[in-house]
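Contents: one structure, followed by commentary.
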Amino acid sequence: MYWVYFKKPTKGYLINHYRFNVKTKSEKYFYLLLLLFKPWRDLSKLKGAYEIYTDAFKNSASALTKAMKYHKRLEEIQTAFERVAELIEKRENNLKTADRDKLMTVNWIAI
């Protein structure tokens with residue numbers, strides 16, 4: 001008879017995951033949240049009785065408080081990135097307009 005011993009890990013594991021945009025790829029986004037925060041043994045049972053991961057997450061959200069906090073934080077970050085992109089675009093447009101105005105002024109003076 002053989003005895004098998006397992007050593008308990010001393011450190012936790014870091015699970016790498018992609019950050020999908022909830023607005024454009026909501027199914028993949030909620031699949032990853034369920035994968036990270038809902039206990040599972042078989043991936044086919046991760047959805048439960050629901051057809052899509054979005055419904056499965058929304059209906060089990062009350063039991064997944066950490067997932068909801070994570071979801072809200074990711075939404076805040078995504079909103080901040082979108083706002084920064086808008087500000088950068090606005091600033092670039094303002095600089096282009098200012099450069100064009102300077103060029104027109106220089107041409108006017110030269111004539």
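For this structure, a couple of remarks:
- When residues in the stretch 48-95 are screened for being more than 20 Å from the chain's Cα centre (by Cα) and not in a helix (DSSP H, G or I), 6 of them pass.
- Across the stretch 3-47, the number of residues qualifying as basic (Lys, Arg) and either at pLDDT below 75 or more than 12 Å from the chain's Cα centre (by Cα) (or both) comes to 7.
The values are calculated or read from the model by the stated rules, or taken from the named source; none is laboratory data. The shown structure was predicted, so the numbers you read here are calculated from the model rather than taken from an experiment.
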